[in-house]
Each structure stands twice: as C-alpha cells, then as structure tokens.
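Here is the structure we will look at, set down as structure tokens.
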Amino acid sequence: MTFELPALSYSHSALAERGMSQETLELHHDKHHQAYVTALNGFVEGNAALQGKTLEEINALSYGDEALAGVFNQAGQHWNHIHFWNALSPNGGGIPGTLEAKLTESFGSVEEFKAAFKTAATTQFGSGWAWLIQKADGSLGVTKTPNGVNPLATGEGTALLGLDVWEHSYYVDFRNRRPDYVTNFLDSLANYEFAESNLA
Ligand SMILES: [Fe+2]
C-alpha cells in the first residue's frame, strides 16, 4: 500500500481570515505533511512486515518498538495531520449541542474545557499535540503527546479534536505566541462538528 497526502477539504486561503494563513497551509500541508507521507512510504517499501497494513495498524505495531521508532514518527504524524486538517474549519468555533452537553458534563463548562485544553497545548514542551479525547468510560478528557504520538497509539482514548503545536503550525502567523494560536484555534478555527462526529 502506498500512502497519499489527502487534499484539504477547503482552499489554502479559506482559513486566512480566521488566523491561519495561506502560507502556513501551503508549508504545513503541502510540504511538512507530504514529507511525512514520502518518508513513511520509504519505510514501507523497505520493510515487508509493513506492507499491506493500514495506517492504524502501522501506528499500533510500531509504537513503543525501538527498532521501528522512525516508522512510528512518520506514521503517527501522517495519522495526526489527516486528523488535524479535519479539525479545522472555515466556519469553526461553534460547538454543537451534543458535544456541548458532553463538555459540560466532563469539565463543568465549555470555558473550563478550553482552559484545560489550553494548559495542555501550552505546557507540551517542544513539539507535540494537544487532544480532546473520549475515554473508555465515555467521559471526555484532555491530554498532550510529544512529537508524533497520538491517543490511538497510547490507548488513552478516542481522539475527538487534536491540535498541532509543532512550531511549523503557528510560527508564520503567531511567531512565538503559542498561547494566542491555541486560543484562536479554540474560538475560531476548531471544527467541533468533526469532534462531535468522533464521539462513540
Ligand atoms: Fe504539523
């Protein structure tokens, strides 16, 4: 199986008015994500044990395996970025009712969810991700992961909404101001319909 870079479901300029520029999407989607896909395909080509496996299967079998650390970095990042493009929307920021009720149930309020997510995203030291997840007991939680790691690999729960906090995701638009990038995501860019669709 050869993995491919999925096209964005919106134009590269569609998020510019909401704080994610065309330049960021051209670099982040067309260059960074493409590089993960190309590298992953190189690993698959050279390793018969990976051939014919789905992306999820490669994530699972390579995570925590020292010999496959390079494979996991690329597979994890491919999975994470597919998720991330869906987690953004030109009409983002509005929280649909079912998800709002779940957020209130688990965090006390939408504002408390946002505060917890922002803490996770800003305290992830170096590169990584912040996630809204649904745990095995059905409740929602927030977590953070380093580098290419994701909740699928760690088994912490189902990823509902993930935010890339690698510098390549915000440096063009927000420079070093990661907190502002996170707040803008939560208020204006996040595709909460996508998050709701990931609920069990
Ligand atoms: Fe990224």
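The values are calculated or read from the model by the stated rules, or taken from the named source; none is laboratory data. These figures come from a predicted structure and were not determined experimentally. Please note: Cβ atoms are built from the backbone with ideal geometry, for glycine as well, and neighbour counts cover all protein chains shown.
Table for the structure above
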quantity: Residue within the range 18-31 that is modelled with pLDDT under 95 and out of contact with any Phe, Trp or Tyr (no Cβ under 6 Å at 6 or more places or on another chain) present; calculated: no
quantity: Residue match in the range 12-23 (condition: surrounded by fewer than 16 Cβ atoms within 10 Å (Cβ to Cβ), more than 24 Å from Phe185 (Cβ to Cβ) and more than 19 Å from the chain's Cα centre (by Cα)); calculated: no
quantity: Qualifying residue in the range 22-41 (condition: of a type in the set (Ser, Thr, Tyr) and more than 19 Å from Gly128 (Cβ to Cβ)); calculated: yes
quantity: Pick from the range 50-81, criterion over 23 Å from Leu199 (Cβ atoms), part of a helix (DSSP H, G or I) and in contact (Cβ under 8 Å) with a residue 40 or more places away in the chain, ranking: nearest to the ligand (Cβ to nearest atom); calculated: Gln77
quantity: Which numbered condition Leu40 misses (of (1) surrounded by 14 or more Cβ atoms within 10 Å (Cβ to Cβ); (2) part of a loop (DSSP other than H, G, I, E, B)); calculated: (2)
quantity: One residue from Phe117, Phe43, Phe113, Phe84 being under 14 Å from the mean Cα position of the chain (by Cα) and more than 16 Å from the ligand (Cβ to nearest atom); calculated: Phe117
quantity: Tally of residues being more than 21 Å from Asn80 (Cβ to Cβ), in a helix (DSSP H, G or I) and among the polar types (S, T, N, Q) across the range 7-37; calculated: 1
